[in-house]
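Scroll down for the structure; my scribbles are underneath it.
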Amino acid sequence: ESPDLLIKGPLVQIALPYRKDRSIKALVEEGVLAKGFAQLCSPALPYERVLYSHQVRAIRKAVMGRNLVVSTGTGSGKTEAFLIPILNHLLREEEAGTLSQAGVRAMLLYPMNALANDQMKRLRRILQNYPQITFGRYINIDETPDKKSEALEYFKRTYPDEPEIDNELKSREEMHATPPHILLTNYAMLEYLLLRPAASPLFDGNTGSHWRFIVIDEAHVYDGAN
């Protein structure tokens, strides 16, 4: 019955808009990004939409080979800050004629499967009309089955509204045989992958010689973890 003992009244904060800079198109014309974005971009990754200045700064640094940390508010486009440089690298490889070589170029590491699943939905829409770039989610055996037929059946049953595209590798046998350009997993599964001989093509040998990016998304969740 005492006022303000357990809860207080509502707190209202005004969030100022993020400063805008330039579009993917402008960065292509500047020579920062590959010309292939003109064909890859779609409503899922607009070619002419103006990016925020923190996104552009992150893209410039990553394209130059710099390591970086992006810390900004919810809904401010952190995904574009790392995904656009990764796609740029793959498009540059396509220009150089090396993209056809199987092997992981980028690993996106998540603390929870739900976050990896959300990113998969985004990648499907960005890459559904660009089959040259492959991607796959390697998590628990239920969601990433061993066999291609099992994985396809699971996908159709679990994600009936999602586009089914050939450049999404859905099974472990596919990713072992032909590692995808972009690999999504979680930190617990990564520990297993590094120990399992069957998964060694992801990291070793000819297919393991293309690594370029490691993205730790939602890094703040790892606070206090080993």
Practice prompt. Go through the stretch 103-123 and count every residue that is open to solvent by less than 30 Å² (accessible area, probe 1.4 Å) and not in a helix (DSSP H, G or I).
Written response: 9
Worksheet, complete the sentence: The lone condition residue 224 fails out of (1) open to solvent by less than 90 Å² (accessible area, probe 1.4 Å); (2) at pLDDT 95 or above; (3) not basic (Lys, Arg) is (2)
Discussion item. Could you check the stretch 71-101 and list, in sequence order, the residues that are more than 20 Å from residue 26 (Cβ to Cβ) and open to solvent by 30 Å² or more (accessible area, probe 1.4 Å)?
Written reply: 71, 72, 74, 75, 78, 94, 96, 97, 98, 100, 101
Worksheet item: From 99, 27, 33, which residue is out of contact with any helix residue (DSSP H, G or I) (no Cβ under 6 Å at 6 or more places or on another chain) and not hydroxyl-bearing (Ser, Thr, Tyr)?
Response: 27
Worksheet item: Is it the case that the stretch 15-24 has a residue that's buried (at least 19 other Cβ atoms within 10 Å of the Cβ), touching a Gly at 6+ places or on another chain (Cβ under 6 Å) and under 19 Å from residue 125 (Cα atoms)?
Response: no
Worksheet item: Which ones in the stretch 125-136 are within 22 Å of residue 187 (Cα to Cα) and either open to solvent by 80 Å² or more (accessible area, probe 1.4 Å) or within 11 Å of the chain's Cα centre (by Cα) (or both)?
Response: 135, 136
Item to complete: For the stretch 197-217, name all the residues that are of a type in the set (Gly, Ala, Ser) and in a loop (DSSP other than H, G, I, E, B).
Response: 205, 209
Worksheet item: Here are 76, 71: which of them is in a loop (DSSP other than H, G, I, E, B) and without any contact (Cβ under 8 Å) to a residue 24 or more places away in the chain?
Response: 71
Worksheet item: How many residues does the stretch 33-67 hold that are within 26 Å of residue 17 (Cα to Cα), of a type outside the set (A, V, I, L, M) and part of a loop (DSSP other than H, G, I, E, B)?
Response: 6
Item to complete: Report, by residue number, each residue of the stretch 156-196 that is assigned to a helix (DSSP H, G or I) and closer than 27 Å to residue 221 by Cβ.
Response: 158, 172, 175, 187, 188, 189, 190, 191, 192, 193
Discussion item. Tell me yes or no: at least one residue of the stretch 161-176 is open to solvent by 30 Å² or more (accessible area, probe 1.4 Å) and among the hydroxyl-bearing types (Ser, Thr, Tyr).
Written reply: no
Response to the item:
Of the residues in the stretch 137-155, those that are open to solvent by less than 20 Å² (accessible area, probe 1.4 Å) and either part of a loop (DSSP other than H, G, I, E, B) or free of Cβ contacts under 8 Å to residues at least 12 places away in the same chain (or both) come to 138, 139, 144, 145
Discussion item. Give all pairs with beta carbons closer than 8 Å in which a residue from the stretch 115-136 that is over 16 Å from residue 183 (Cβ atoms) and of a type in the set (Phe, Trp, Tyr) meets a residue that is part of a helix (DSSP H, G or I) and open to solvent by 40 Å² or more (accessible area, probe 1.4 Å); count only pairs at least 6 apart in sequence or on separate chains.
Written reply: 130/39
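The values are calculated or read from the model by the stated rules, or taken from the named source; none is laboratory data. Quick caveat: nothing in here was measured; it's all calculated off a predicted structure. Cβ coordinates were reconstructed from backbone atoms using ideal geometry, including for glycine residues, and neighbour counts include every protein chain displayed. Heavy atoms of the whole protein, side chains included, go into the accessibility calculation; ligands, DNA and RNA do not. Shrake-Rupley method; radii C 1.70, N 1.55, O 1.52, S 1.80 Å.
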